[in-house]
Amino acid sequence: MVLATMLKEKTTYSISELAQEFDVTTRTIRHYEDMQLLLPARQGQKRIYSLADRTKLKLIVRGKRIGLSLQESGELLNMYEPGQSNVDQLERTLEYIGTSRQKLSQQLRDISTMLDDLDEAEAGCKVELKALHDIADQHSH
């Protein structure tokens, strides 16, 4: 409970803290920086991530989980304007969710078809194998 309270009050984070919190590698976070999705402050070689960077990382990770590309997540992040209604951002998010849903539905149909094909192939192999065993059994008697 105390740790959760400390984390909520915290305003800066290290790369390792964020990597651990969101179960990503530090290399992944540096990649997001290279793509300009995260812009931490620097203290020498040390990266200092703000609460806003943490929120962006959370949104990127959530976006990946629902099938958004990094470019799509970046576009949505760039559309955000604090204190504004962000209708455009929300509408674009809904578009991306719809596209992702369509892709996943198609993949689900494809997987179902492949499973049916595997069942058919397996059944055919079993029938042929049984027939070969029956022939071998007849020759051994």
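The values are calculated or read from the model by the stated rules, or taken from the named source; none is laboratory data. On a predicted model such as this, the values are computed, not experimentally measured, just so you know. So basically every Cβ, Gly included, is an ideal-geometry build from the backbone, and we count neighbours across all protein chains shown.
The residue of segment 13-48 that is nearest to Lys64 (Cα to Cα), among those that are of a type in the set (Gly, Ala, Ser) and over 17 Å from the mean Cα position of the chain (by Cα), is Ser16. So for segment 63-78 (the condition being part of a helix (DSSP H, G or I) and among the β-branched types (Val, Ile, Thr)), does at least one residue qualify? No, that holds for no residue. Just to be sure before I move on: is Glu95 touching a helix residue (DSSP H, G or I) at 6+ places or on another chain (Cβ under 9 Å), without any contact (Cβ under 8 Å) to a residue 24 or more places away in the chain and surrounded by 10 or more Cβ atoms within 10 Å (Cβ to Cβ) in the structure I sent? Here the answer is no, as Glu95 does not meet what is asked. Using the structure shown, decide if Tyr96 is under 16 Å from the mean Cα position of the chain (by Cα), closer than 24 Å to Gln36 by Cβ and either modelled with pLDDT under 90 or not aliphatic (A, V, I, L, M) (or both). The answer is yes for Tyr96.
Any residue at all in segment 85-93 that is touching a Leu at 6+ places or on another chain (Cβ under 9 Å), within 18 Å of Val24 (Cβ to Cβ) and not small (Gly, Ala, Ser)? No, that holds for no residue.
When you go through Gln106, Gln89 one by one, which is the residue that is among the polar types (S, T, N, Q), in contact with a Phe, Trp or Tyr (Cβ under 6 Å, 6 or more places away or on another chain) and in a helix (DSSP H, G or I)? Testing whether each residue is among the polar types (S, T, N, Q), in contact with a Phe, Trp or Tyr (Cβ under 6 Å, 6 or more places away or on another chain) and in a helix (DSSP H, G or I) leaves just Gln89.
Rundown of residues vs (1) touching a helix residue (DSSP H, G or I) at 6+ places or on another chain (Cβ under 9 Å); (2) without any contact (Cβ under 8 Å) to a residue 60 or more places away in the chain; (3) in a helix (DSSP H, G or I); (4) exposed (fewer than 10 other Cβ atoms within 10 Å of the Cβ), yes/no style:
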site: Ser85; (1), (2), (3), (4): no, yes, no, yes
site: Arg101; (1), (2), (3), (4): no, yes, yes, no
site: Asp110; (1), (2), (3), (4): no, yes, yes, no
site: Asp117; (1), (2), (3), (4): no, yes, yes, no
site: Ala123; (1), (2), (3), (4): no, yes, yes, no
site: Lys126; (1), (2), (3), (4): no, yes, yes, no
site: Ala131; (1), (2), (3), (4): no, yes, yes, no
site: Asp137; (1), (2), (3), (4): no, yes, yes, yes
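Considered as a group, the residues in segment 36-55 that are in contact (Cβ under 8 Å) with a residue 24 or more places away in the chain and surrounded by 13 or more Cβ atoms within 10 Å (Cβ to Cβ) include one that is nearest to Ser73 (Cα to Cα), and that residue is Leu37. Scan segment 41-57 and give yes if some residue there is in the same structural domain as Thr11 (by TED's automatic domain parsing), among the β-branched types (Val, Ile, Thr) and assigned to a helix (DSSP H, G or I), otherwise no. Among the residues of segment 41-57, at least one is in the same structural domain as Thr11 (by TED's automatic domain parsing), among the β-branched types (Val, Ile, Thr) and assigned to a helix (DSSP H, G or I), which makes the answer yes.
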